[in-house]
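The values are calculated or read from the model by the stated rules, or taken from the named source; none is laboratory data. Please read all numbers here as calculations on a predicted model, not as lab measurements. Cβ sites come from the backbone with ideal geometry, for glycine too, and all protein chains shown count toward neighbours.
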There are 2 protein chains.
Amino acid sequence: MSRVFSLSEAASIAIHSMVLIARAKNGINVVKITEVTGFSKNHIAKVLQRLVKADMLRSVRGPAGGFYLKKEAGGITFLEIYEAIEGPMEETDCPLSYVLCNYDSCIMGTIINEMTGEFKKYLENKTLASFN
Amino acid sequence: MSRVFSLSEAASIAIHSMVLIARAKNGINVVKITEVTGFSKNHIAKVLQRLVKADMLRSVRGPAGGFYLKKEAGGITFLEIYEAIEGPMEETDCPLSYVLCNYDSCIMGTIINEMTGEFKKYLENKTLASFN
DNA sequence: TATATTTGCGCATTCAAATACCTAAATAGG
DNA sequence: CCTATTTAGGTATTTGAATGCGCAAATATA
């Protein structure tokens, strides 16, 4: 049960939460997102705080508070969300660039780079508007 | 500088070491692999022990000792090596299967599955004989 | 046989991500 | 104005991977 292809939990929380927030007409709070997604409430709260600082969300405190999109759904790509949490997605042939790889080229060839590029393009073309 | 696509260091050590062992005519030891790859000596030793137990390597103790392939290079695929360390490579749409994903289908669509399958096929067709 | 070398293996340590916890700040509603 | 609710944010704990360390076992070589 291993995965070559994995998002950090934080990135997954960010994307899932943004979709839920985009769908909610009048905002949605951490408790609700916890119920729907099953992630840790604390972790969700931390991730949403980062999205607020990244200027992707607006937060409202107090009863009936919650989170709202700062821009319209069609203007927010999955890649933006991902990179707000993880930093720029690197495209590189070697999955472990710091290794002293004494071969003519990376053992893995160019496949890693190609697949990362493909995925990146996919995330770039996918916006929150896909989930209305 | 984040990577969607990543091998654990252990898996990378396994693959790089197997390549080096396949190339060495008369075995190669942990120190040599450390020098060439730059991985932690301790970590390399641990990974090689697992490959010995998985019956992919033969080890010889004492001076002039080291590691040898148990089968011929052409008969060992990268996928086997990977799975000896990480367990079976899972093909699943959702990168986080335990999430209570309340959508019609996984937010990520089928791309994860497709890419994992593609990569798996690549690893299956690549053997240690490619590095003679 | 003695010694140095190298793997085998268990346990301790480190490190980052995930998680938990607690208090402050804001605010809706009575 | 008071109280309950909800986000903000700092700190502590947990967890698993990666590392480090020390000693035992094997063996080549002198």
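Here are some notes:
- The stretch B:31-42 residues that are under 13 Å from B:V19 (Cα atoms) and within 7 Å of chain A (Cβ to nearest Cβ), paired with ones that are among the aliphatic types (A, V, I, L, M) and within 11 Å of DNA strand D (Cβ to nearest atom) (beta carbon under 7 Å, 6 or more apart): B:T37/A:V99
Conditions (1) within 30 Å of A:N113 (Cα to Cα); (2) within 11 Å of chain B (Cβ to nearest Cβ), marked per residue:
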site: A:A10; (1), (2): yes, yes
site: A:A14; (1), (2): yes, no
site: A:I28; (1), (2): no, no
site: A:V60; (1), (2): no, no
site: A:F78; (1), (2): yes, yes
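- Scanning the stretch A:1-54 for residues that are over 12 Å from A:G66 (Cβ atoms), away from DNA strand C (no atom under 12 Å from the Cβ) and small (G, A, S) gives A:S2, A:A22, A:A54.
- Some residue of the stretch A:119-130 being at pLDDT below 90 and within 28 Å of B:I111 (Cα to Cα): yes
- Residues being of a type in the set (A, V, I, L, M, F, W, C) and either exposed (fewer than 12 other Cβ atoms within 10 Å of the Cβ) or within 14 Å of DNA strand D (Cβ to nearest atom) (or both) - total across the stretch B:54-73: 3
- Residue count for the stretch B:11-42, restricted to those that are under 12 Å from the mean Cα position of the chain (by Cα) and surrounded by fewer than 16 Cβ atoms within 10 Å (Cβ to Cβ): 0.
- The selection criterion, being part of a helix (DSSP H, G or I), farther than 24 Å from B:R3 by Cβ and of a type in the set (A, V, I, L, M, F, W, C), does not hold for A:V47.
- Among the numbered conditions (1) surrounded by fewer than 21 Cβ atoms within 10 Å (Cβ to Cβ); (2) within 17 Å of the chain's Cα centre (by Cα); (3) within 10 Å of DNA strand D (Cβ to nearest atom); (4) among the aliphatic types (A, V, I, L, M), the only one that A:L51 does not meet is (1).
- None of A:I107, A:I112, A:I85, A:I76 is farther than 30 Å from B:I44 by Cβ, buried (at least 18 other Cβ atoms within 10 Å of the Cβ) and at pLDDT below 95 except A:I85.
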